[in-house]
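J.: Got a structure here, written out as structure tokens. Questions coming.
The values are calculated or read from the model by the stated rules, or taken from the named source; none is laboratory data. Please read all numbers here as calculations on a predicted model, not as lab measurements. All Cβ positions, glycine included, derive from the backbone under ideal geometry; neighbour counts span all protein chains shown. To get the accessible areas, we keep the full protein, side chains included, count just its heavy atoms, and leave off ligands, DNA and RNA. Shrake-Rupley method; radii C 1.70, N 1.55, O 1.52, S 1.80 Å.
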Amino acid sequence: MRYIVNNIKLSIDQDISELNDKVARKLRISQSDIRELDVVKESIDARDKGNINFVYSVRVYVDKKIRGRYDRDVRLVSDTKKEDLVVGNREKLMHRPVIIGLGPAGLFCGLILAKNGYRPLIIEMGDNIENRSRKVSRYWEQGVLDVDTNVQFGEGGAGTFSDGKLTTRINDPRCDFVLREFCRFGAPKEISYQAKPHIGSDILKGIIVNLRKEIIRLGGTVKFNTKMTDLILKDNRLDGIKLANGEEIDTNVVVLAIGHSSRETFSTLLKRGLAIDRKPFSIGVRIEHPQYLVNESQYGAFANHPRLKNAIYQLCNKVGDRTAYSFCMCPGGIVVAAASEPNTIVTNGMSNYMRNEVNANSAFVVSVNPSDFGDDTPLSGVDFQRKWERLAYKEGQGGAPIQTLRSFLKDEVDKRIRCVRPSYTGKTMLANLNRCLPKYVTDILKVSAGEFSKKMSCFCLDDAILTGVETRTSSPVRILRDSNFEAWGIRGIYPCGEGAGYAGGIMSASVDGIRIAEKIMQRYTK
């Protein structure tokens, strides 16, 4: 019989091997009756800094049915396993399906299609991981930006140069499939049960390469440095696509797995009549604290305990109809230059698997709405982002504007940096971030800093470093799609993932790619 047992607590000094005894006691059986035990979820309860516990949910197999009543944290589950995919083919697919973009959505859409014999053609504007990493390093070290291959564009998408976070708010069984595939292609097993799993940018790069090779092994094709410039439509139906090199590709199915920074493609889609709506997102700065102070704030006297990794935080404060919050927090990480257009500054956070850099960083952002964008055109959110990115470039004199939290609150420019050294991967300049963000954003950030310090004591450290600007928290648009996940009024076009406005992060984008693949297979036979 198989049971899920929740709320198993181990003190910080107890070894995970003691789970067997705890579970046996909860089930009122002998440890010898347990045939197999798997950890489903592991989290840390640090609410009481003097008594930190690890909390587990486990899946346990026993040879016999447990008699009598058992704890409310114990649930009998069926051993019947659901199939990953249920498809029903109807119409012959005349050409190979084409996927635009090789981020998480495109990778997993391509993987599912390839597994099922559809031989997808995947087109990626940027370069492969190996070359992409070199081009990104050149931008960070020399300021030479490649507009097609950078932190936003290239194999793996924008998440490749982040933290490899796999947290998500969606509750979809496809998440388990994504985690299994990540593990199959090189991720550490612990991501399958950690409450807030992460892979790290270093390990994620290798996994992405392995996923790409698997798609090719299964019959798919991947073309790098290849840009789609137009759609060929006939009677409100896709008939093909055009590439920048003049080539035309016949296809009746295209998956738009474009990223949230695909501004040129957004314009092309709008001209071709796709329905595009403005969408809220958030803007602000990156804030850096010494990681040891975050650890002490979160773990108290246990901050240096060998079982605890570098601490994370998640903070939120409502101010009127807006919300200030921490986002994409990177413990032991760095702040990276993430622009995709010349004469702009964009920041993002990144950390490797070990998360062992000196500083912790997080986006510190405020929600903005379409009413803030200045006009009601579909791409006004893009123009809004660009405005502040250009102002940041100007304020930083070509580098990223940086400022201590103390000076930001006082609206003045620092004369020097003190104890917290900025980790930004490009040029920086002491400046005033109040000049390159809307006043309503900076006002709310200032109020919220004080509120956050009530929850995490080190947040209002005078010398905490702010780096501007953070504008790419999510897509500024949503490409509208119908119940079949096709673009409104145009058959054969499938808006997908974060760039299309239907995901936020690696996990949800991967899941959306799978859902699109399922829809394609339900409609078409290969």
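J.: Can you give me the relative contact order of the chain as a percent, contacts being Cα pairs under 8 Å and 6 or more apart?
T.: 19 percent
J.: Would you mind classifying the stretch 221-277 by shape? Square roots of the alpha carbon gyration tensor eigenvalues, ordered a ≥ b ≥ c; an a/c under 1.5 is rounded, otherwise it is prolate if a/b is larger than b/c and oblate if not.
T.: Cα axes put the stretch 221-277 in the oblate bin.
J.: Okay, next question. Which value, in debye to the nearest 20, describes the size of the charge dipole of the chain about its Cα centre when Lys and Arg Cβ atoms bear +1, Asp and Glu Cβ atoms bear -1, and nothing else is charged?
T.: Result for the chain is approximately 1000 debye, rounded to the nearest 20.
J.: Here's another thing I want to ask about it. Given the peptides 498-508, 121-131, arrange them by the average over their residues of other C-beta atoms within 10 Å, most packed first.
T.: Listed from highest to lowest mean packing, they are 498-508, 121-131.
J.: Given a cut-off of under 8 Å on Cα pairs at least six residues apart, what relative contact order in percent is computed for the stretch 464-526?
T.: Computed over the stretch 464-526, the figure is 25 percent.
J.: Report the per residue volume, in Å³, of the convex hull enclosing the C-alpha atoms of the stretch 378-526.
T.: Taking the convex hull of the Cα positions in the stretch 378-526, it is 164 Å³ per residue.
J.: Next question, about the same structure. Need one number: % antiparallel among DSSP beta bridges in the chain, to the nearest 5.
T.: 80 percent
J.: Now for a different question. Beyond 18 Å between alpha-carbons counts as too far, so tell me which of K115/K196; K26/K65; K205/K427 fall in that bin.
T.: Checking Cα-Cα distances, K115/K196; K205/K427 exceed 18 Å.
J.: Label the chain by shape, choosing from rounded, prolate and oblate, from the square roots a ≥ b ≥ c of the eigenvalues of the Cα gyration tensor; if a/c is under 1.5 it is rounded, and otherwise prolate applies when a/b is larger than b/c, oblate when it is not.
T.: oblate
J.: Another one. With +1 on each Lys and Arg Cβ and -1 on each Asp and Glu Cβ, how big is the dipole of the stretch 332-426 about its Cα centre, in debye rounded to the nearest 20?
T.: Approximately 600 debye in magnitude.
J.: Give the carbon-plus-sulfur fraction of the accessible surface of the chain in %, rounded to a whole number; probe 1.4 Å, heavy atoms of protein chains only.
T.: 46 percent
J.: Rounded to the nearest 500, what is the chain's calculated 222 nm mean residue ellipticity when only DSSP H runs of at least 4 contribute -39500 (n - 2.57) each, over all residues?
T.: Here the helix-only value at 222 nm equals -8000 deg cm²/dmol.
J.: Based on the mean of other beta carbon atoms within 10 Å per residue, what is the order of 437-445, 152-160, 99-107, 230-238, most packed first?
T.: Sorting 437-445, 152-160, 99-107, 230-238 by mean packing, highest first, produces 99-107, 152-160, 437-445, 230-238.
J.: Which one of G320, F266, A46 is farthest out on the positive end of the charge dipole of the chain, using unit charges on Cβ (Lys, Arg +1; Asp, Glu -1) and the Cα centre as origin?
T.: It is A46, whose Cα lies furthest towards the positive end.
J.: Then there is this: Mind running the shape call on the stretch 404-459? Use the C-alpha gyration tensor, a ≥ b ≥ c as the square roots of the eigenvalues: rounded below 1.5 for a/c, prolate if a/b tops b/c, oblate otherwise.
T.: oblate
J.: Sort S261, S11 from largest to smallest accessible area, using a 1.4 Å probe on the heavy atoms of the protein chains.
T.: S11, S261
J.: What does the accessible area per residue of the stretch 273-426 come to in Å², with a 1.4 Å probe and no ligands, DNA or RNA counted?
T.: Each residue of the stretch 273-426 exposes 40 Å² on average to a 1.4 Å probe.
J.: What net charge is computed for the residues neighbouring G381, neighbours being all others with C-beta under 12 Å from the C-beta of G381, Lys and Arg scored +1, Asp and Glu -1?
T.: Value of the local net charge: +2.
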